[in-house]
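Notes for the one structure printed next.
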Amino acid sequence: MNGQTGSQSESLAPVTDGDRALVAWLHMDAELRPARPGWAYGSLAGLLLGVGRLFAPAPWPGGGLPPGEPGRCFIESIMWATGSGGELVYVEGWAWDVAYPVEHAWCSAADGTVRDLTWPRPGASYLGVPVVPEAASALMGRHGGPLLHANGMPGPAALEWMRDGVPAELLADVGRPVPAVV
């Protein structure tokens with residue numbers, strides 16, 4: 001999926017109330033954190049607003065419960081993405097749960113539809129960085145955990161990306177661009 005262009009219907013999908021809430025929350029967070037001289041992004045929120053994408057929430061295919069174990073979204077999602085034969089992309093970022101945003105990981109189909117392996121009910125909005133599964137797996141192995149999140153702080157990969165930017169070859173072209181103004 002890396003380098004492929006998303007469909008026109010994907011780019012024209014409406015911004016939902018959940019998307020607006022999540023994007024506004026990230027803008028507020030980014031504004032509270034000072035810019036770091038020489039860094040590409042001053043915060044994790046800035047990174048997500050800069051290279052992240054919005055994804056379409058959806059129930060688990062077939063109407064059943066997702067097969068993943070709650071609380072293990074990062075490992076469940078990378079395992080499914082790498083084992084999907086190119087059908088799924090690993091995405092890490094934030095999802096709007098019932099009342100607030102949560103650090104989260106999920107898979108995305110080529111059309112930007114969320115395949116959330118661990119939440120029985122889809123979130124209201126998903127905004128994350130879509131990473132080619134093999135690259136995500138290698139980075140997670142090297143850093144010993146998720147790409148963006150480390151106990152409420154930016155993880156090692158996130159810090160590298162905040163400083164230097166995200167290498168284009170790591171990004172998968174799925175999801176919808178984050179609107180500048182919501």
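The values are calculated or read from the model by the stated rules, or taken from the named source; none is laboratory data. Keep in mind it's a predicted model, so treat the numbers as computed, not measured. Quick reminder, even Gly has a Cβ in these numbers, built from the backbone with ideal geometry, and neighbours come from all protein chains shown. The area values use the complete protein model at the heavy-atom level, side chains included, leaving out ligands, DNA and RNA. Shrake-Rupley method; radii C 1.70, N 1.55, O 1.52, S 1.80 Å.
Would you say Glu134 is open to solvent by 60 Å² or more (accessible area, probe 1.4 Å) and free of Cβ contacts under 8 Å to residues at least 60 places away in the same chain?
On the way: open to solvent by 60 Å² or more (accessible area, probe 1.4 Å): yes; free of Cβ contacts under 8 Å to residues at least 60 places away in the same chain: yes.
In short, yes.
The residue list Ala95, Ala157 contains one member that is closer than 16 Å to Leu47 by Cβ, outside any loop (DSSP other than H, G, I, E, B) and of a type in the set (A, V, I, L, M), which is Ala157.
Among the candidates Trp60, Trp25, Trp39, which residue alone is within 16 Å of the chain's Cα centre (by Cα) and of a type in the set (A, V, I, L, M, F, W, C)?
Trp25
Looking only at residues in segment 72-103 that are open to solvent by less than 40 Å² (accessible area, probe 1.4 Å) and among the acidic types (Asp, Glu), the one that is nearest to Asp116 (Cα to Cα) is Glu76.
The single condition among (1) in contact with a strand residue (DSSP E or B) (Cβ under 8 Å, 6 or more places away or on another chain); (2) open to solvent by 60 Å² or more (accessible area, probe 1.4 Å) that Glu169 does not meet is (1). Does Ala110 satisfy the condition of being of a type in the set (A, V, I, L, M, F, W, C), part of a loop (DSSP other than H, G, I, E, B) and open to solvent by 50 Å² or more (accessible area, probe 1.4 Å)? Yes: the conditions hold for Ala110. So, in segment 17-41, of the ones that are of a type in the set (D, E, K, R) and either in contact (Cβ under 8 Å) with a residue 60 or more places away in the chain or in contact with a strand residue (DSSP E or B) (Cβ under 7 Å, 6 or more places away or on another chain) (or both), which residue ends up nearest to Trp161 (Cα to Cα)? Going through the qualifying residues, I end up with Arg36. In segment 137-151, the qualifying residues are those that are in a helix (DSSP H, G or I) and without any contact (Cβ under 8 Å) to a residue 40 or more places away in the chain, and the one that is most open to solvent (accessible area, probe 1.4 Å) is Arg142.
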